[in-house]
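**Q** Input: one structure, supplied below.
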Amino acid sequence: MNTRVELPGLNLKNPVMPASGCFGFGREFAQFYDLSHLGAVIMKAATGGKRFGNVTPRVAETSSGMLNAIGLQNPGVEGIIAKEIPFLETYPTPIIANVAGSTVEEYVSVAEKLSETSVSAFELNISCPNVKEGGVQFGTDPFLAENVVREVKDVSDVPVYVKLSPNVADIVSMAEACAKAGADGLSMINTLTGMRIDPKTRRPIIANKTGGLSGPAIKPVAIRMIYQVYEAVDLPIIGMGGIETVDDIIEYLLAGASAVAIGSANFKNPLVCKELIDQLPEGLKKYGFESVNDAIGGAHDETYSSSISRS
Ligand SMILES: Cc1cc2nc3c(=O)[nH]c(=O)nc-3n(C[C@H](O)[C@H](O)[C@H](O)COP(=O)(O)O)c2cc1C
């Protein structure tokens with residue numbers, strides 16, 4: 001079974017990677033399995049300076065996922081370049097750097113620094129709902145999104161995947177704005193803004209009050225958005241949101257994703273990425289696919305789907 005996928009800057013031996021912020025920089029997971037198995041690694045967000053993140057509590061469970069408001073905690077781009085990238089470079093696995101900032105200048109400066117390293121691609125995080133300044137506006141206003149993508153493209157040749165926020169009325173116009181600015185791909189989706197309240201204290205459970213909802217609850221939203229964007233914009237998509245099984249991965253491929261990222265599921269089962277990579281060939285075969293490429297966008301091809309037995 002051919003599980004290879006070629007995307008701008010990414011020659012993936014399989015389409016499975018851990019999602020940003022749910023895998024740190026891989027060190028803890030490397031104690032469980034060899035990171036060479038992964039299609040790629042998407043690092044935790046990099047910002048200009050160190051960030052300690054929001055005050056705790058900053059995660060809460062929900063019935064079908066979790067809420068988080070970590071607030072982009074990270075050692076800063078210099079720390080990541082000095083300590084984390086050299087560790088990940090010991091594996092023959094492409095590294096995708098998640099780039100964040102509060103201002104256009106910060107995005108540009110982080111991207112410039114990272115473009116001097118071995119990272120294969122950027123995932124431009126214009127969609128973090130959990131920081132007070134910056135993040136959210138870039139991800140919900142097509143003009144701001146277009147501008148930040150263009151500025152980053154101007155300073156670096158590293159392919160740029162833009163991570164879209166689902167917290168918008170019209171996901172297609174956001175994707176179109178990124179395409180217009182020269183994005184090489186899209187990554188979707190980030191978390192949906194949510195909230196939980198503790199009946200005992202009558203207060204929000206998360207100190208930040210609101211957080212980002214991830215996990216199985218958001219999968220149908222992600223599938224819908226990827227399906228819509230695939231029809232409207234000619235850019236490869238890395239899909240994510242609630243993936244826990246091989247059937248979930250196949251659903252994403254059919255909607256139009258060329259690769260997938262697995263986030264919250266890593267907290268339940270640290271081996272999940274490796275297990276799904278191992279199960280993927282058999283899972284594809286079960287539905288009659290001969291390769292990963294064979295499944296990408298399959299749900300858009302009506303002649304194709306009607307030729308398959310529904311029994
Ligand atoms: C604890 C936590 C931290 C996250 N941190 C980041 C981050 O730093 N940058 C980013 O782009 N997305 C971040 N995300 C979003 C995930 O990468 C992913 O888009 C989202 O969780 C949906 O996937 P999932 O349902 O498989 O978790 C974070 C998610 C969680 C749960």
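The values are calculated or read from the model by the stated rules, or taken from the named source; none is laboratory data. Keep in mind the model is a prediction, meaning the values are calculated, not measured. Cβ coordinates were reconstructed from backbone atoms using ideal geometry, including for glycine residues, and neighbour counts include every protein chain displayed. Each accessible area value is taken on the protein alone, full model and side chains, heavy atoms only, with ligands, DNA and RNA left out. Shrake-Rupley method; radii C 1.70, N 1.55, O 1.52, S 1.80 Å.
**Q** Just to be sure, is LYS285 assigned to a helix (DSSP H, G or I), within 16 Å of the ligand (Cβ to nearest atom) and out of contact with any Ser or Thr (no Cβ under 7 Å at 6 or more places or on another chain)?
**A** It is false that LYS285 is assigned to a helix (DSSP H, G or I), within 16 Å of the ligand (Cβ to nearest atom) and out of contact with any Ser or Thr (no Cβ under 7 Å at 6 or more places or on another chain).
**Q** In the range 1-103, which strands (runs of 3 or more DSSP E) lie fully inside it and hold 1 or more residues that are closer than 20 Å to LYS163 by Cα?
**A** Counting at least 1 such residues, we get 5-7, 10-12, 16-18, 65-68, 95-99.
**Q** Another one. Among the residues of the range 206-260, what is the count of those that are open to solvent by less than 10 Å² (accessible area, probe 1.4 Å), more than 15 Å from the ligand (Cβ to nearest atom) and either in a loop (DSSP other than H, G, I, E, B) or at positive phi (or both)?
**A** 1
**Q** Might you check whether a residue that is at pLDDT 95 or above, of a type outside the set (Phe, Trp, Tyr) and within 15 Å of THR191 (Cα to Cα) occurs anywhere in the range 35-48?
**A** Yes; the residues of the range 35-48 include at least one that is at pLDDT 95 or above, of a type outside the set (Phe, Trp, Tyr) and within 15 Å of THR191 (Cα to Cα).
**Q** Can we say GLY139 is closer than 18 Å to GLY241 by Cα and in a helix (DSSP H, G or I)?
**A** yes
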